[in-house]
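See structure below.
The values are calculated or read from the model by the stated rules, or taken from the named source; none is laboratory data. Computed from a predicted model, the values in this text were never measured in an experiment. We place every Cβ from the backbone using ideal geometry, glycine too, and count neighbours over all the protein chains shown. Accessible surface is based on the protein model in full, side chains and every heavy atom, while ligands, DNA and RNA are left aside. Shrake-Rupley method; radii C 1.70, N 1.55, O 1.52, S 1.80 Å.
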Amino acid sequence: FKELKDKIKENILAEENNKEKKRVEIEILKQLVEKSEFGDLPEILIEHELDKMIAELKGNIEKPDDPTSPKFNDYLESIKKTEEQLRKEFISKAEERTKTALAIREIAIKENIKASKEDIQEETEQMKKAYLGQEQIIKNLESESGQMYIANLLANRKVVEFLKNQSK
């Protein structure tokens, strides 16, 4: 019983640390965007980010492995909105996310921050374990675009770590 109690305490502390780490990262990125100068953002970048946000929301609602999960259209009906209305509501967040991505990319270029082939391979293997049995996702991870996605993900993490170290 003591082991279980200790494990629960350990998990709670780990979760609190993760929340704090995430809060610090969000604050650093928010300050980065505030201190950066952006011209007019190309409409295509905002539209692309809106597409990603809608896809993320759909992915959180619809679970292909769970036949009882709701459909995205059912969700829209339940909140009494259309996808277009959601997109309009998401515009300011899409602009913020686009600015953050552009600022991170600029730092990655200036500081020559990249993911190594070894890092990409290691992350791919970890992701494949997380999606064990979901062959389409695994195939996507192994594709050229999947590997580019993982490389960008890792480079973004490295930039955030770089920024955290700079702010100490």
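Projected onto their three principal axes, the Cα atoms of the chain cover extents of 52, 45, 33 Å, largest first. For Ala115, the residues whose modelled amide H falls within less than 5 Å of its own, excluding neighbours fewer than 5 places apart on the same chain, are Ala155. Modelled label-to-label distance, Phe38 and Gln85, 7 Å Cα→beta-carbon offset: nm? In this crude spin-label approximation the distance works out to 2.6 nm.
Counting only protein heavy atoms and a 1.4 Å probe, segment 43-127 has 70 square angstrom of accessible area per residue.
Counting other Cβ atoms within 10 Å, keep those with at most 13, restrict to DSSP loop, and tell me which GluC sites (Glu not before Pro) in segment 98-134 are left.
Details: sites: Glu106, Glu111, Glu118, Glu122, Glu123, Glu125; in loops: Glu111.
Those that pass, being in a loop and sparsely packed, are Glu111.
Report in % the part of the accessible area of the chain that belongs to carbon and sulfur, leaving out ligands and nucleic acids; probe 1.4 Å. Intermediate values should be presented prior to the final figure.
Numbers: 6740 of 12850 Å².
Of all accessible area on the chain, carbon and sulfur atoms account for 52 percent.
Defining a contact as two alpha carbons under 8 Å apart and six or more residues distant in sequence, what relative contact order in percent does segment 17-168 show? Result for segment 17-168 is 26 percent.
Inter-label distance, Asp119 to Lys5: 4.3 nm, where each label sits 7 Å from its Cα along the C-beta direction.
Mind checking the per residue accessible area of segment 129-168 for me, 1.4 Å probe, whole number of Å²?
Working: 2910 Å² over 40 residues.
Per residue, segment 129-168 has 73 Å² of solvent-accessible surface.
Only protein heavy atoms count here; on that basis, with a 1.4 Å probe, Tyr149 has an accessible area of about 130 Å². Charges were assigned to the Cβ only: +1 to each Lys and Arg, -1 to each Asp and Glu. The resulting dipole of the chain about its Cα centre is roughly 580 debye. In this simple spin-label approximation, Ser92 and Lys168 carry label points 7 Å from Cα along the Cα→Cβ vector, and these lie 3.5 nm apart.
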